[in-house]
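The structure appears below as C-alpha cells.
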Amino acid sequence: MEHQALLHRSIFRGGLHFPLGPHHHSLISIMRSQFFPNNLISPRKCFKSSISCSSEHSNVPQETKESTAKVIYSVAPAMGHNKEAHPECSLRVPAIVNALKKLELTPKFRGSEIVQQQNFRIATAEDIASVHTKSYIFGLEKAMEQASEKGIIHIDGSGPTYATSTTFEESLIAAGAGLSLVDSVVAASRTNKNPPIGFALIRPPGHHAVPKGPMGFCVFGNVAIAARYAQRVHGLKRVFIIDFDVHHGNGTNDAFYDDPDIFFLSTHQDGSYPGTGKIGNIGFGNGEGATLNLPLPGGSGDITMRTVFDQVIVPSAQRFNPDIILVSAGYDGHMLDPLANFQFTTGTYYMLASSIKQLAKELCGGRCVFFLEGGYNLVSLSNSVAETFRGFIGDPSMAGKIDECGFLYDEPSFKVNQAIQRIKHLHSL
C-alpha cells in the first residue's frame, strides 16, 4: 500500500520516522497525546460500544474521589480487536461491566467506594519499549495496513493471536489504562494509609507477550510495562508481580528473568499452554531467586490456592518487601472455563482479592493494581470479577449462591503438597 504521509516527529525522541497510512488518521491523535501529556483522552472517544463512562456528575474533583475510594477501575474493552468465535473476543469486558452494573458494584450504586477512572493516558512508545523491542512495535504498527485490507490477520501462530486494523491503537489504550491506575493508586497512597486498589478491565491481555512479539492472545505485556513504569516514573524500585492465571505468564517471566528488583511469581496448571514455567526456572544471573514458578496439577481447586497463598505467596512477598504489588488476574482457572482444567470457584477469586489487598496494606502502603488477563467463560469470568470487587471493598462473598459445586471432584492433594514442599525447599521459604 502506498503511504500518503510521514509522521516526522519521532515517538522515541530521536530521528526515527515511520509511515502513516490513510487508515491511521486516528493514530495521529494518539501520538499527539504522547507529546502533550496534559491532553488526556477519554475512553469514550477511544471505542464504539455500549459501554460508556459514568455520566453522573459531582462537585467532588476526580482526584479526591480516587484518593478516598476503595476501588478504582478503568475500562478499555478494545471493541475493534475482535474475532468471532475466538475465546479472546470483544464480548469479555462488556460482560464484566454489565455484571458489575447488575450486581450494583458500580459508582452509581456504591458512591465513593467504587470509582471508574474517567480519563486515562495512552501508553507511549517509550512505555511499550521499556519491555518490547522497537522492531516489534513498529512491525505491529505496519501490520495494521495488512489487517485493514484483510480484516483479520494472524500475528502469531501460537494461540493463535490475531489482529484487526485497530489492534495497535487499542493495545496502546489498554496499556495506558493500566499506567493511569498506577498513577492514581500511587498518588492516593501519599495521603491515604488505605489507598484504593486498582483494576484495569482491559484487553487484549498481556502476560504471554514476549519482548520480541505477541503470543497466546496477548499483544503488549500490560503488567510488565506497568512494572517498568512504576520504577521509572514513581521510583518504586521493588515490584512484586503475582500471576494467578491458569496459564504460565511466560512473557512477564522472560522480561524480568535476570532482574533482582522485580519478583515474578506464577501459579499455573502443569503441562498447560505454553508449556513453560517449570518449577526449576528461578531466574538467571543477578535475578536468580526472583522468579518463582509453581506448576500445579490439573484438578487443583480452592483448597490448593488457599494453601499456596499462605505457604508460598505470603512468605515470598514478605521476604522481598516490595514497593508495589501488581497482579496478572486471569480467571481461566475457574471450574467452568473451557481452556484449562483447574476447579476454582468464584470463592477463590474473592479470597485472592481480599488477601492480596491486605498483603499490600501490610507491605507496601496498600499500593496494588490488578490487570485482567484470561477468563473465557463469560458467566464465570463476570461473576469472578464481581467477587474480586466484593473482596476489595469488604462485602461478604456471594460465592455460595453463585457456584454449583455438586460436580467438583477431590483435589489432587498429594501432588499439590509435593509441589508446594519442593518450591519451599527450592526458595528456602
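The values are calculated or read from the model by the stated rules, or taken from the named source; none is laboratory data. Small disclaimer: the values here were computed from a predicted structure and weren't measured. Backbone-built Cβ (ideal geometry, glycine too); neighbour counts: all protein chains shown. When the accessible area is computed, the model is the full protein with side chains, heavy atoms only, and any ligands, DNA or RNA have been set aside. Shrake-Rupley method; radii C 1.70, N 1.55, O 1.52, S 1.80 Å.
Data for the structure
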{"read-out": "Residue match in the stretch 234-241 (condition: over 19 Å from the mean Cα position of the chain (by Cα), of a type in the set (Gly, Ala, Ser), under 19 Å from residue 360 (Cα atoms) and in a loop (DSSP other than H, G, I, E, B))", "value": "yes"}
{"read-out": "Which numbered condition residue 366 fails, given (1) buried (at least 23 other Cβ atoms within 10 Å of the Cβ); (2) of a type outside the set (A, V, I, L, M); (3) more than 27 Å from residue 87 (Cβ to Cβ)", "value": "(1)"}
{"read-out": "Residue identified as of a type outside the set (Gly, Ala, Ser), open to solvent by less than 20 Å² (accessible area, probe 1.4 Å) and either over 21 Å from residue 375 (Cβ atoms) or touching a Pro at 6+ places or on another chain (Cβ under 7 Å) (or both) among 267, 307, 252, 291", "value": "291"}
{"read-out": "Scope the stretch 108-118; condition surrounded by fewer than 21 Cβ atoms within 10 Å (Cβ to Cβ) and more than 20 Å from residue 78 (Cβ to Cβ); matching residues", "value": "108, 109, 110, 111, 112, 113"}
{"read-out": "Candidates 129, 99 - the one that is in contact with a helix residue (DSSP H, G or I) (Cβ under 8 Å, 6 or more places away or on another chain), within 23 Å of residue 331 (Cα to Cα), buried (at least 17 other Cβ atoms within 10 Å of the Cβ) and touching a residue at least 24 places away in the same chain (Cβ under 8 Å)", "value": "99"}
{"read-out": "Candidates 341, 377, filtered to the one that is over 25 Å from residue 110 (Cα atoms), within 18 Å of the chain's Cα centre (by Cα) and open to solvent by 10 Å² or more (accessible area, probe 1.4 Å)", "value": "377"}
{"read-out": "Residue pairs meeting the criteria (Cβ under 7 Å; at least 6 apart or on separate chains; first of a type in the set (A, V, I, L, M), in the stretch 342-354; second surrounded by 23 or more Cβ atoms within 10 Å (Cβ to Cβ) and in a loop (DSSP other than H, G, I, E, B))", "value": "352/244"}
{"read-out": "Given (1) open to solvent by 60 Å² or more (accessible area, probe 1.4 Å); (2) modelled with pLDDT under 95, number of the condition residue 121 does not satisfy", "value": "(1)"}
{"read-out": "Residue in the stretch 410-425 that is open to solvent by 30 Å² or more (accessible area, probe 1.4 Å), more than 27 Å from the chain's Cα centre (by Cα), free of Cβ contacts under 8 Å to residues at least 60 places away in the same chain and on the phi > 0 side of the Ramachandran plot present", "value": "no"}
{"read-out": "Flag if residue 300 is open to solvent by less than 30 Å² (accessible area, probe 1.4 Å), in contact (Cβ under 8 Å) with a residue 12 or more places away in the chain and within 21 Å of the chain's Cα centre (by Cα)", "value": "no"}
{"read-out": "Residue satisfying condition, being in contact with a Lys or Arg (Cβ under 6 Å, 6 or more places away or on another chain) and at pLDDT 95 or above, within set 393, 420", "value": "393"}
{"read-out": "Matching residues in the stretch 387-397 - criterion: being surrounded by fewer than 23 Cβ atoms within 10 Å (Cβ to Cβ) and in contact (Cβ under 8 Å) with a residue 60 or more places away in the chain", "value": "390, 393, 394"}
{"read-out": "Search result, residues across the stretch 80-89 that are in contact (Cβ under 8 Å) with a residue 60 or more places away in the chain and not basic (Lys, Arg)", "value": "80, 81, 82, 86, 87, 88"}
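Listed here are the residues, each with its yes/no results for (1) at pLDDT below 95; (2) open to solvent by 10 Å² or more (accessible area, probe 1.4 Å).
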{"residue": "177", "(1), (2)": "no, no"}
{"residue": "192", "(1), (2)": "yes, yes"}
{"residue": "198", "(1), (2)": "no, no"}
{"residue": "202", "(1), (2)": "no, no"}
{"residue": "214", "(1), (2)": "no, yes"}
{"residue": "219", "(1), (2)": "no, no"}
{"residue": "237", "(1), (2)": "no, yes"}
{"residue": "244", "(1), (2)": "no, no"}
